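Just below is one structure, and these are the notes that go with it.
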Amino acid sequence: MAAAPQVAARGRGATGHGADSPGGCGRGVAAAAWSARQLSRRGRGRAMDRFVWTSGLLELGETLVVQQRGVRLSDGEEKVKFDSGVLLLSTHRLIWRDQKNHECCIAIPLSQIVFIEEQAAGIGKSAKIVVHLHPASSNKEPGPFQSSKYSYIKLSFKEHGQIEFYRRLSEEMTQRRWETMPTGQTIQVNKDPRAGRIRAVGIVGIERKLEEKRKETDKNISEAFEDLSKLMEKAKEMVELSKSIANKIKEKQGDITEDETIRFKSYLLSMGIANPVTRETYGSGTHYHMQLAKQLAGILQTPLEERGGIMSLTEVYCLVNRARGLELLSPEDLVNACKMLESLKLPLRLRIFDSGVMVIELQSHNEEEMVASALETVSEKGSLTADEFAKLVGMSVLLAKERLLLAEKMGHLCRDDSVEGLRFYPNLFMTQS
């Protein structure tokens, strides 16, 4: 496709987003004229010349791999006005769409990428992925810029998720699926009349560079796994130690005082979660909350069994954040993850009482048995307040009150609400009849 006729027909001229840019993602004739004036100024340009305008729709044979919000594009070391958008990775292209103006959408073929590298986050700086690119082809379709003085761009991840995106992009660069599932002519080719076949231009050079990058990556992975093996050996020792302490607590429950038992359990809890789910690893969307829900189910099942199958969300929040160490979890993320427990068919579920109190309970938690147990305890004592009931059954006052209110709702208990407080009695109309 010839670039010039398309610009005239569609009104999609090159636009600028640097310090001298008129701003926005407009694609009209005025923008094209402004771009031409810019190019005449001593050949100045941007690294964004590899990008082309696109509708953002996937082509036939192209598959979406992963997407991440809050990504800023930088032209080498210079910032441009592609501040905040959604970055999509497909099997064939990198696509960036402005979060506010969805018509502003640009893309670059994966075949244009030489290699990628990571830049860690700093104080006040987001983590970045640096993408090194081949020079733009002479017959490239229209894009935001027409020339460049840089050979790379930077992707800044304001809302995290760069680890997962880097992993997926590395996999696509290795698998090179754009070659096995072509959507069109993505690499310039020349017809060789003597051989009677299509000959790719520049493929050998690209493959050589990628092979060098793979060798370097393999070397780094080998060195990392040497350190990881040593760490895993120590981790196994710590796991065995924790099991040993837990078994001693169970075997010598009578010989160990309550204070010593609490201290031992605090030691086990302080070891924390080995690999906590974070936004840096799984992004900020539904996938993150799903992985978090699975991890919560793994670490909360034993504490729930020890506490009678139910815990308030406040207790869960404190327990989980203490185990996560520095990777603290927000209350909002905890609630969103807990809402997915039942839909993921995990052994736990979130329950909200009529009073608004939220708890986590085992799927096997039997409500009728709990109510019957509460009725039996109140009947033995004649009457009980929530505080007295909590001390007898060994649970928090909040959960004890909810259990008594539930028994009252089901008609097994009745209340006396006076200046002395709320006291529950057996419902004689039910028991004596």
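To keep it simple, each residue is scored yes or no on (1) among the β-branched types (V, I, T); (2) open to solvent by 30 Å² or more (accessible area, probe 1.4 Å); (3) part of a strand (DSSP E or B); (4) in contact with a helix residue (DSSP H, G or I) (Cβ under 9 Å, 6 or more places away or on another chain).
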residue	(1), (2), (3), (4)
E305	no, yes, no, no
M311	no, no, yes, yes
T314	yes, yes, no, yes
N321	no, no, no, yes
L329	no, no, no, yes
L334	no, no, no, yes
E342	no, yes, no, no
Residue ID - modelled with the lowest pLDDT, chosen from residues in the stretch 174-189 that are surrounded by fewer than 18 Cβ atoms within 10 Å (Cβ to Cβ) and outside any loop (DSSP other than H, G, I, E, B): V189
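It is to be established whether one or more residues within the stretch 382-401 are among the acidic types (D, E) and under 21 Å from R349 (Cβ atoms). Before you say what the answer is, go through the steps one by one.
Start the filter on the stretch 382-401 by keeping residues that are among the acidic types (D, E), which leaves 387-388.
Okay, now just the ones that are also under 21 Å from R349 (Cβ atoms), so none.
Checked against the condition, which is being among the acidic types (D, E) and under 21 Å from R349 (Cβ atoms), the stretch 382-401 yields no hits at all.
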Matching residues in the stretch 289-303 - criterion: being farther than 12 Å from R349 by Cα and open to solvent by 30 Å² or more (accessible area, probe 1.4 Å): M290, Q291, Q295, G298, I299, T302
First in the stretch 376-398 and closer than 20 Å to V419 by Cα, second anywhere and in a helix (DSSP H, G or I) and aromatic (F, W, Y), Cβ under 9 Å, 6 or more apart: V397/F389
Index of the failed condition, D98 passing every other in (1) among the charged types (D, E, K, R); (2) within 20 Å of the chain's Cα centre (by Cα); (3) more than 17 Å from S126 (Cβ to Cβ): (2)
Residue list for the stretch 337-365, filter: of a type in the set (S, T, N, Q) and at pLDDT 90 or above: none
Condition broken by G411, with the remaining ones in (1) open to solvent by 40 Å² or more (accessible area, probe 1.4 Å); (2) at positive phi; (3) of a type in the set (G, A, S) satisfied: (1)
Residue in the stretch 416-429 that is assigned to a helix (DSSP H, G or I), open to solvent by 30 Å² or more (accessible area, probe 1.4 Å) and at pLDDT below 90 present: yes
Selection count, the stretch 126-155, where residues are assigned to a strand (DSSP E or B) and touching a residue at least 24 places away in the same chain (Cβ under 8 Å): 10
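Name the residues in the stretch 351-400 that are outside any helix (DSSP H, G or I), among the acidic types (D, E) and either open to solvent by 20 Å² or more (accessible area, probe 1.4 Å) or more than 30 Å from M340 (Cβ to Cβ) (or both), would you? Working first, answer last.
Narrowing the stretch 351-400 to residues outside any helix (DSSP H, G or I): 351-366, 382-385, 394-396.
Applying the additional criterion that residues be among the acidic types (D, E) yields 354, 361.
D354 - this is the single residue of the stretch 351-400 that is outside any helix (DSSP H, G or I), among the acidic types (D, E) and either open to solvent by 20 Å² or more (accessible area, probe 1.4 Å) or more than 30 Å from M340 (Cβ to Cβ) (or both).
The values are calculated or read from the model by the stated rules, or taken from the named source; none is laboratory data. What you see is a predicted model, and the numbers here were worked out from it, not measured in a lab. Because the Cβ atoms are built from the backbone with ideal geometry, glycine has one as well, and the counts that use them run over all protein chains shown. Ligands, DNA and RNA are stripped out before the accessible areas are found, and what is left, the full protein with its side chains, is counted by its heavy atoms. Shrake-Rupley method; radii C 1.70, N 1.55, O 1.52, S 1.80 Å.
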